[in-house]
Amino acid sequence: MHTSVETVGASTSWDLEVDVLIIGAGACGMAAAIAAHDAGAQVAIVEKLDRPGGNSSLSTGSVPGANSRFQREAGIVDSVETMIADLQRIGADSELPALTHRMAAISAELCEWLVDHVGARMALITDYCHVGHTIPRLHAPVSRRGQDLVDDLLAAVAQRDIPLATNNPVQTLYRNAEGAVVGAGVGGSGVESSRIGARNVILASNGFAGNRELVARYCDEIAGAEYFGALGSQGEAVLWAEQLNARLANMRAYQGYAAVAYPHGSLLSWTTIEKGGVLVNASGQRFGNEDLGYSAYARHVLAQDTNVYAVFDERIKDLASKEDEFRELINYGGLKHADSAEELATFFKLPPESLAQSIAQFNEAAAGRATDAHGRSRFGMAPLTGRLWICRVTPGLFHTQGGLAVDHDGRVLDLHGAVIPGLFAGGGAAAGISGGAGAGGYASGNGLLTAIGLGYIAGRAAAV
């Protein structure tokens, strides 16, 4: 992968000139384009892959919003302060605490903007709280598919006649003699080279989870996990940052997933665990506190170095079946069921007595008759009863949460904390709000909140 930063003179000839050039056509890039366009700017988007969407397409499309009108209509009391407290409780070591405040402060406005101005088909999820949140505040497509949100963003981009060019990888950022970023160069194998001049450039080029060298450098604890995110997450923004002397922040943070259905590759809904299911190893034994969440628990699954299995009951299966992807997993044969733990164990040749004992001990803790050996204190719908279900799972790395440090308007900062003129960042290209170390600070929706949120504010700021 080739990336460079070149200095150009005032007399440089451009093949195209726009007010705002956006690099990357995921949710961040499209939100930035819509916001900048609606603020009066001439905008263009370039995307290196053959289709837009990126990691946003693979997500559940969930965006947290504190004190949104959808919450108020549902009788749910929430506040920005409560959301900040939730985010800081698990991500207290963030190197950009002001960004957490900024994202929480605009979160409700963002969700309402998506519905009212973008036309996103989203609704408040009221069934239960999600990882990291003490109040139901996630807004998502009814299908819980990020692709639906991406499709709505694409439709809004098309309605505004915003140019979006796929198969156009950016290799070079151009800056002037004063250090301001003034454009980008498109090029690569089989691609006609062109220079695009811009008053402002927004990096929305995703993170670096697909770049094994960068993952090993910054997120070594999960480096051995398989990458399940979108193609193209190669860390161009990080490489440009090094050449621009831009500050990087929260680089050890990432979003993992503890339960990717194997070998199907789809996410096993964490509802199955959050609402009372457990994870066991090849010996049929639990190995930790699953309540850490799907991201933080991924490294514990990786450390087992054996096959791992999710076990839950029929009631939990019925609740998770509200999600399209979960129903598809059942239809594809990714889950098995039986009327006893011993019978369930036979599907994957687990020790029957060990699995039965693990479930019995867990049920005793869930019923309040014993202390959980692994410190779990929230048990959802457990004890597990009746028909039991099992799914073989593997841990995965989905998204890095570190990147370029930005200010309250998404402007990229240099090593001394000064703004780099002409350059903005959002989404995976920018530092996130999941703390500064590992996966423990990831709350559900953090990725899309900073993707769409930073796109929204950077687009408006870049249009001025």
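The values are calculated or read from the model by the stated rules, or taken from the named source; none is laboratory data. Quick caveat: nothing in here was measured; it's all calculated off a predicted structure. When we count neighbours, we look across all protein chains shown, and the Cβ atoms used for this are built from the backbone with ideal geometry, even at glycine.
State whether one or more residues within the range 446-453 are in the same structural domain as Asp93 (by TED's automatic domain parsing), modelled with pLDDT of 95 or more, assigned to a loop (DSSP other than H, G, I, E, B) and not charged (D, E, K, R). No: zero hits.
For the range 178-218, residues that are in a loop (DSSP other than H, G, I, E, B) and exposed (fewer than 15 other Cβ atoms within 10 Å of the Cβ) total 3. Summed over the range 357-398, the residues that are small (Gly, Ala, Ser), in contact (Cβ under 8 Å) with a residue 60 or more places away in the chain and farther than 30 Å from Tyr254 by Cα give a count of 3.
Among the residues making up the range 141-161, those that are under 25 Å from the mean Cα position of the chain (by Cα) and farther than 15 Å from Val115 by Cα are Ser143, Arg144, Arg145, Gln147, Ala158. The residues listed here are Glu178, Glu274, Glu221; of these, the one that is within 29 Å of Ala10 (Cα to Cα), among the acidic types (Asp, Glu) and touching a residue at least 24 places away in the same chain (Cβ under 8 Å) is Glu178.
The set of residues in the range 396-419 that are surrounded by fewer than 24 Cβ atoms within 10 Å (Cβ to Cβ) and either in a strand (DSSP E or B) or β-branched (Val, Ile, Thr) (or both) comprises Arg411, Leu413, Asp414, Val419. Of everything in the range 1-59 that's touching an Asp or Glu at 6+ places or on another chain (Cβ under 8 Å) and part of a helix (DSSP H, G or I), which residue is surrounded by the fewest Cβ atoms within 10 Å (Cβ to Cβ)? The selected residue is Ala36.
For Gly435, the conditions (1) outside the structural domain of Ala105 (by TED's automatic domain parsing); (2) in a loop (DSSP other than H, G, I, E, B) are fulfilled apart from (1). In the range 291-334, the residue that is surrounded by the most Cβ atoms within 10 Å (Cβ to Cβ) out of those that are at positive phi and free of Cβ contacts under 8 Å to residues at least 60 places away in the same chain is Asp305.
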